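> Input: one structure, supplied below.
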Amino acid sequence: MLALDRVTKRFAGHTAVDGLSLSVPRGVIYGLLGPNGAGKTTTIRMIMDIIEPDEGSVRLFGEPGTGRDHSARIGYLPEERGLYRRMRVLDLVVFLAEMKGVERRRARARAALWLERLGLEAWRLRRVDELSKGMQQKVQFVSTILHEPELLVLDEPFAGLDPVNTQVLKDAVVELRRDGVTILFSTHIMEQAEKLCDQLCIIARGRKLVDGALADIKRTQTGHHLVIGFDGAPGAAAQLFADERVVKKVDDYGQYAELELAPGADAQRLLAALVNSGARLARFELSEPSLNKIFLDLVGPEAATPAARPHPGGARA
Amino acid sequence: MRKIWAVIRREFVERIRSKWFWISALLGPVFFGAMIVVPVLFAGAGGTRRIAVVDGTTGAFGARVVAGLRGGKIFRATRVPAGVGVVDSLTQLVGAKQLDGFLIVTDAVVETGTAEYRASNVSSFRDVAELQDVLARVAVAARLERQGVDPAVVGRAQLRISLDTKKISGSRTTGESAAQSFALAYVMGVVLFLVITIYGVNVMSSVVEEKTTRIVEVLVSSLRPFQLMIGKVLGVGAVSIFQFVLWGLGAKLLLSQRQALLAGVGGAEEARQVFQMPHLSAATLGVFLGYFLGGFFLYSAMYAAVGAMSSNEQEARQAQQPVMFLLMIAYVSMFGLTNNPESTYAVTLSLIPFTAPIAMPVRWAASTVPAAELVGSLGLLVAGIVAVTWVAARIYRVGILMTGKRPNVRELVRWVRAG
């Protein structure tokens, strides 16, 4: 559906995206994850042919042609939302659909349908600047899907939405996927990505750290993850957790601990040892690590401060 | 193509819907109506002058001068016999504004042709010309009679000449007077300057709006920046043409109601003399519209580029100054262009694409422009539009996605080369 091959983009004195390759299969929800300044938006802009990569190639639908050539088949929600403030809602979404090559009358019919679905029916003849911010975001979302795209590219779609609108938008995305639309979205909110994504790619400082199906990443990236809750006395837990042959990493809260077992270690043996040491357990749970934890482990604290921002004269990363 | 069409329609419809469009659509005819009414009001305001004629002549000369002045429209003259202290008391009357002035005639008028006029206002050409005219007629008649010519013959021989000027355009007489040519040229220049600026700035703010709201990202991922720019320029251009049509209809309506309009301000009778609609031939109209469109395309491409390199409205307003200055060159030269339309300076301005949109129509209205010059000027203008649009499109393409500080000239050159 979408393949990036060693794509690189440099701005003055700063590499925003560095040899990034990834592949988005048809019909999935694909998450592009990374901390601020990781190069997510630059990557998406290259996919959309808004900026050209310095090296590498972007291939869409397995066919030649740029994002702009295929624009009728792609819906795009940019990171920085923007609408013509003085236009009427209906006129605006119809215009944007026309930009995607939809015939005017058809655009009007589809617009009426979607505006109603997102509860904007009563506002369709109002000017955009009379709408609340949340409503404007919904209007913008409508404008990205009105032309029935096969691929939906959403840059931080949930940023700035309240819980109610987040829910509405999430439902719409899931439903679109059910209808066979491929969705690529960027985010740095891991909880959302974890629930939504079939596949994902984590990038930091323009480089790919890992990609693939979420379940595979969880399996391969870290060992077994253990959550332990104490009911009073922790016994000799501290000593046991310190054994590097059994425990690779620990996050001990005293009454609660999250640990990652060393490769080959047996959780049952640890349980037995804990009980023998006199610990009273409220909880002992083998679990998969959260995406948030994988993300933090991979990205590391140093990625929290992105590399220098691009030169003021250059496009934003 | 359909996308460009959608951009054109959006620009057109959104602008037509704005109240500013209709305000200016109304203001045009109001301004035009003022052009009809104001001169008449001014002519009325000139008013009549109350003067005394101090008669120091021995014959009937003084009485004849008074009669002659009364025959005209300007003076209400009274005859005052010359005497001791007369001049002083009249001077006081003028000072007290009970009198506008006084004319002193003696026998010397007939002999040497000199008289004296003292008044609170002696700078009015109209007043002075009328006085001279009447005095000359009466003096000539007096001299002839002294030579024994029959007064009846003198009366018949007297002829007042009014000079009727007509402009020759090509080899046809257009029926256009000098004043009308001048007025037409001047009005055309002003309108062209204003409208090119206003609609150019319209294009600029439209670009800046798309840039500041970031909607340009969605647009540019759907159609090429060049298509967007062209659609925008054509859309705004269509609005300006529509504006002209409305103005034209408004002016036509006012013109047909001219008598009623002037009667309303109490000057119907004088109307025909003071205001005559300049003869606007199809060719003149064609030149006007042609150069308007040319100028609009040339300048709006530049304005689009300026908008693209600015990140907000304020910055754009600063950055547009060089563009404005370019258009100003022809505008500030307009007086020279109308007074001396054949000078090398005027011809040069009407050939350079940046000044031609104003200079050529002004020259055209003020004089007769050789066909070769018109063709050359149009050719250069079209070439200029192509070149400027090419450069502007490249600046536009890079600029609309930029944020941050405005590029300097070196960066601009790089943008243009980068294409």
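> Checking the condition modelled with pLDDT under 85, more than 30 Å from A:A97 (Cα to Cα) and either assigned to a helix (DSSP H, G or I) or within 14 Å of chain A (Cβ to nearest Cβ) (or both), which residue from B:G83, B:G59, B:G44 passes?
Numbers: B:G83 fails: either assigned to a helix (DSSP H, G or I) or within 14 Å of chain A (Cβ to nearest Cβ) (or both); B:G59 fails: either assigned to a helix (DSSP H, G or I) or within 14 Å of chain A (Cβ to nearest Cβ) (or both).
Testing whether each residue is modelled with pLDDT under 85, more than 30 Å from A:A97 (Cα to Cα) and either assigned to a helix (DSSP H, G or I) or within 14 Å of chain A (Cβ to nearest Cβ) (or both) leaves just B:G44.
> Could you tell me which of the residues A:G19, A:G75, A:G65 is small (G, A, S) and buried (at least 22 other Cβ atoms within 10 Å of the Cβ)?
Working: A:G19 fails: buried (at least 22 other Cβ atoms within 10 Å of the Cβ); A:G65 fails: buried (at least 22 other Cβ atoms within 10 Å of the Cβ).
The match here is A:G75.
> I've got another one for you. I'd like the full set of residues that are surrounded by fewer than 21 Cβ atoms within 10 Å (Cβ to Cβ) and touching a Leu at 6+ places or on another chain (Cβ under 7 Å), limited to region A:146-169.
A:F158, A:L161, A:V168, A:L169
> Also, I was wondering about something else. Which one of these is within 23 Å of A:P263 (Cβ to Cβ) and not small (G, A, S): A:L209, A:L196, A:L169?
Details: A:L196 fails: within 23 Å of A:P263 (Cβ to Cβ); A:L169 fails: within 23 Å of A:P263 (Cβ to Cβ).
Checking each option against the conditions leaves just A:L209.
> Let me ask something else about it. Return yes when A:I44 is under 24 Å from A:E150 (Cβ atoms), touching a helix residue (DSSP H, G or I) at 6+ places or on another chain (Cβ under 6 Å), in the same structural domain as A:L77 (by TED's automatic domain parsing) and of a type outside the set (F, W, Y) and no when it is not. Walk me through it before giving the result.
Working: under 24 Å from A:E150 (Cβ atoms): yes; touching a helix residue (DSSP H, G or I) at 6+ places or on another chain (Cβ under 6 Å): no; in the same structural domain as A:L77 (by TED's automatic domain parsing): yes; of a type outside the set (F, W, Y): yes.
No; evaluated as a whole, the condition is false for this residue.
> Further, regarding this structure: If A:P234 satisfies every condition in (1) part of a strand (DSSP E or B); (2) over 30 Å from A:D5 (Cα atoms); (3) in contact with a helix residue (DSSP H, G or I) (Cβ under 9 Å, 6 or more places away or on another chain) but one, which is the exception?
Condition (1) is where A:P234 drops out.
> If B:G85 satisfies all but one of (1) over 16 Å from B:G62 (Cα atoms); (2) among the small types (G, A, S); (3) within 40 Å of the chain's Cα centre (by Cα), what's the number of the condition it fails?
(3)
> Name the helices (runs of 4 or more DSSP H) wholly within region B:131-250 that hold at least 2 residues that are at pLDDT below 85 and either more than 14 Å from chain A (Cβ to nearest Cβ) or surrounded by 22 or more Cβ atoms within 10 Å (Cβ to Cβ) (or both)?
Values: elements: B:151-157, B:178-212, B:215-220.
Because the criterion is at least 2 residues that are at pLDDT below 85 and either more than 14 Å from chain A (Cβ to nearest Cβ) or surrounded by 22 or more Cβ atoms within 10 Å (Cβ to Cβ) (or both), the helices (runs of 4 or more DSSP H) in region B:131-250 that meet it are B:151-157, B:178-212.
> I'd like the full set of residues that are more than 7 Å from every other protein chain (Cβ to nearest Cβ) and charged (D, E, K, R), limited to region A:52-80. Before the answer, list the steps.
Pass one, region A:52-80, residues more than 7 Å from every other protein chain (Cβ to nearest Cβ): A:52-66, A:69-70, A:72-75, A:77, A:79.
Within region A:52-80, A:E52, A:D54, A:E55, A:R59, A:E63, A:D69, A:R73, A:E79 qualify.
A quick yes/no check of all residues on (1) touching a Lys or Arg at 6+ places or on another chain (Cβ under 6 Å); (2) assigned to a helix (DSSP H, G or I); (3) farther than 26 Å from A:T15 by Cβ:
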position	(1), (2), (3)
A:L115	yes, yes, yes
A:Q140	yes, yes, yes
A:G160	no, no, yes
A:V168	no, yes, yes
A:F185	no, no, no
A:E194	no, yes, yes
A:D211	no, no, no
A:V227	no, no, yes
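> Turning to a different aspect of this structure: Here are some conditions: (1) within 18 Å of B:L298 (Cα to Cα); (2) not in a helix (DSSP H, G or I). B:T368 meets all but one. Which one does it not meet?
The one condition B:T368 does not meet is (1).
Yes/no per residue for (1) buried (at least 23 other Cβ atoms within 10 Å of the Cβ); (2) assigned by TED's automatic domain parsing to the domain that holds B:I196; (3) more than 17 Å from B:F193 (Cβ to Cβ); (4) not small (G, A, S):
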position	(1), (2), (3), (4)
B:A308	yes, yes, yes, no
B:A319	no, yes, yes, no
B:Y331	no, yes, no, yes
B:F335	no, yes, no, yes
B:N340	no, yes, yes, yes
B:V362	yes, yes, no, yes
B:L412	no, yes, yes, yes
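Per-residue answers, yes or no, for (1) assigned to a helix (DSSP H, G or I); (2) among the small types (G, A, S); (3) over 17 Å from B:F288 (Cβ atoms):
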{"residue": "B:F325", "(1), (2), (3)": "yes, no, yes"}
{"residue": "B:A330", "(1), (2), (3)": "yes, yes, no"}
{"residue": "B:L337", "(1), (2), (3)": "yes, no, no"}
{"residue": "B:P341", "(1), (2), (3)": "no, no, no"}
{"residue": "B:Y345", "(1), (2), (3)": "yes, no, yes"}
{"residue": "B:V362", "(1), (2), (3)": "yes, no, no"}
{"residue": "B:A372", "(1), (2), (3)": "yes, yes, yes"}
{"residue": "B:G379", "(1), (2), (3)": "yes, yes, yes"}
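> Follow-up question, since we're still on this one. Step by step: first the residues of region A:101-113, then only those that are in contact (Cβ under 8 Å) with a residue 24 or more places away in the chain and surrounded by fewer than 21 Cβ atoms within 10 Å (Cβ to Cβ), then the one that is farthest from the other protein chains (Cβ to nearest Cβ). Which residue is that? Before you say what the answer is, go through the steps one by one.
Going through region A:101-113, the residues in contact (Cβ under 8 Å) with a residue 24 or more places away in the chain turn out to be A:101-102, A:107, A:110-111.
With surrounded by fewer than 21 Cβ atoms within 10 Å (Cβ to Cβ) added as a condition, the list becomes A:101, A:110.
On the way: A:G101: 7, A:R110: 15 Å.
Among them, the one singled out is A:R110.
> Filter region A:84-100 for residues that are within 27 Å of the chain's Cα centre (by Cα) and among the aliphatic types (A, V, I, L, M); which is farthest from the other protein chains (Cβ to nearest Cβ)?
This residue is A:V93.
The values are calculated or read from the model by the stated rules, or taken from the named source; none is laboratory data. This one's a predicted model, so the numbers in the text were calculated from it and none came from an experiment. As a convention, Cβ positions derive from the backbone with ideal geometry for all residues, glycine included, and neighbour counts pool all protein chains shown.
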